[in-house]
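In what follows, a single structure is set out as structure tokens and then discussed.
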Amino acid sequence: MNVREMNSNIDFDKMGGLIPAIVQDSRTKNVLMLGFMNHEALEKTLKTKKVTFWSRTRNKLWTKGEESGHYLELVSVDVDCDSDTVLVQAIPNGAVCHLGMATCFGDRNEMGLEFLGYLQDFIDKRRAEMPQGSYTTSLFNAGINRMAQKVGEEAVETALEAVNGTNGRLVYEASDLLYHLIVLLSAKGLRIEDVVADLESRHGKKKDDYDKHRD
């Protein structure tokens with residue numbers, strides 16, 4: 001969607017020429033801040049790829065980070081079902097809040113479980129580029145059988161740490177297991193999100209059905 005189409009699909013008149021713009025970190029999915037945009041602010045955001053608002057206190061356009069250098073690099077803009085609010089996904093370059101916090105709703109902006117998807121994106125990039133000296137590259141070069149073998153080896157090591165090791169070593173081996181599993185999924189054209197979707201599907205079933213499927 002180009003700038004003109006985006007503007008024409010939004011009802012700016014409902015709030016006197018302004019629309020709320022919810023800014024979300026595209027990687028962590030955390031909400032960073034809320035601002036307001038008019039036609040010009042949205043147009044500048046889409047053209048420059050730096051999130052720009054209409055400042056109600058300054059009565060002018062304001063590109064986030066123009067003073068601090070903490071820009072919000074635009075990833076995407078989506079319009080809500082009522083065409084009067086936009087969801088802006090961006091990558092922050094430093095603190096977002098004027099108080100120096102990572103977001104305007106708290107001081108943390110961490111990935112959490114979203115990191116698994118980010119990690120697979122990185123692994124897929126390795127697969128596409130195949131840089132020399134990369135361990136991930138060596139796994140793709142070794143082929144599916146070796147990848148599957150590594151998943152089995154890491155699963156055994158994880159189980160052994162659970163029985164006879166420390167919690168720290170268990171986390172370490174479980175991390176190795178997840179990494180090698182994601183590499184194997186990538187090689188098969190699958191995503192970690194496919195595993196999540198399957199788990200969600202099973203969770204939605206009756207418990208007895210899930211237990212039977214699991215067994």
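Please determine, in degrees from 0 to 90 and to the nearest 10, the orientation of helix 39-48 with respect to the longest principal axis defined by the Cα atoms of the chain, where the helix direction is its Cα long axis.
With both axes taken from Cα atoms, the answer is about 50 degrees.
Ordered by packing density, taken as the mean number of other Cβ atoms within 10 Å over each peptide's residues, highest first, how do 94-101, 39-46, 195-202 rank? Present the calculation step by step, with values, prior to reporting the outcome.
Numbers: 94-101: 14.4, 39-46: 19.6, 195-202: 11.8.
Ranking, from highest mean packing down: 39-46, 94-101, 195-202.
What is the antiparallel percent of DSSP beta bridges lying wholly in the chain, to the nearest 5? Show your work: numbers first, answer last.
Numbers: 19 of 24 bridges.
In the chain, DSSP labels about 80 percent of beta bridges as antiparallel.
Which whole-number percent gives the relative contact order of segment 1-113, counting Cα pairs below 8 Å spaced six or more residues apart? Walk me through the numbers before you get to the answer.
Working: 220 pairs, mean separation 29.7, N = 113.
Computed over segment 1-113, the figure is 26 percent.
Given the pairs 14/50; 29/150; 29/50; 29/49; 50/125; 14/60, which span a C-alpha to C-alpha distance of over 27 angstrom in this model?
Details: 14/50 25 Å; 29/150 32 Å; 29/50 18 Å; 29/49 19 Å; 50/125 25 Å; 14/60 20 Å.
Exceeds cut-off: 29/150.
What does the charge add up to near residue 50, with Lys and Arg as +1, Asp and Glu as -1, over the other residues with Cβ less than 10 Å from its Cβ? Kindly include the intermediate steps, with their values, before the conclusion.
Values: positive: 44, 47, 49, 64; negative: 66, 73.
Every neighbour counted, the sum reads +2.
At 1.4 Å probe size, with the rest of the protein present, what percent of the exposed accessible area of the chain is carbon and sulfur atoms? Please report the intermediate quantities before stating the final value.
Details: 6970 of 13210 Å².
Percent of accessible area from carbon and sulfur atoms in the chain: 53.
Can you work out D for the chain in µm² s⁻¹ from Stokes-Einstein, where Rh is the Kirkwood radius over C-alpha pairs, the temperature is 25 °C and the viscosity is 0.890 mPa s?
Numbers: Rh = 20.7 Å.
For the chosen part, D equals 118 µm²/s.
Just to confirm, what accessible area per residue do you get for the chain at 1.4 Å probe, in whole Å²? Could you put the intermediate results ahead of the total?
Numbers: 13210 Å² over 215 residues.
Dividing the accessible area of the chain by its residue count gives 61 Å².
If we restrict to alpha carbons, what Rg and Dmax does segment 87-215 come to, in Å?
Radius of gyration, then largest Cα-Cα span, for segment 87-215: 18.7, 53 Å.
When the helix-only estimate is applied to the chain (DSSP H runs of n ≥ 4, each -39,500 (n - 2.57), divided by the residue count), what is the mean residue ellipticity at 222 nm, nearest 500 deg cm²/dmol? It would help to have the intermediate numbers written out before the result.
Numbers: 8 runs with 102 residues, N = 215.
That comes out to -15000 deg cm²/dmol.
Which whole-Hz ³J(HN,Hα) couplings does segment 128-141 yield from phi under the Karplus relation 6.51 cos²θ - 1.76 cosθ + 1.60, θ = phi - 60°, glycine and proline marked x?
Result, ordered by residue: 6, 9, 6, x, 5, x, 8, 5, 4, 4, 5, 5, 5, 5 Hz.
The values are calculated or read from the model by the stated rules, or taken from the named source; none is laboratory data. What you see is a predicted model, and the numbers here were worked out from it, not measured in a lab. Ideal geometry is used to build each Cβ from the backbone, glycine not excepted, and the neighbour counts take in all protein chains shown. For accessibility, only protein heavy atoms count, side chains too; no ligands or nucleic acids. Shrake-Rupley method; radii C 1.70, N 1.55, O 1.52, S 1.80 Å.
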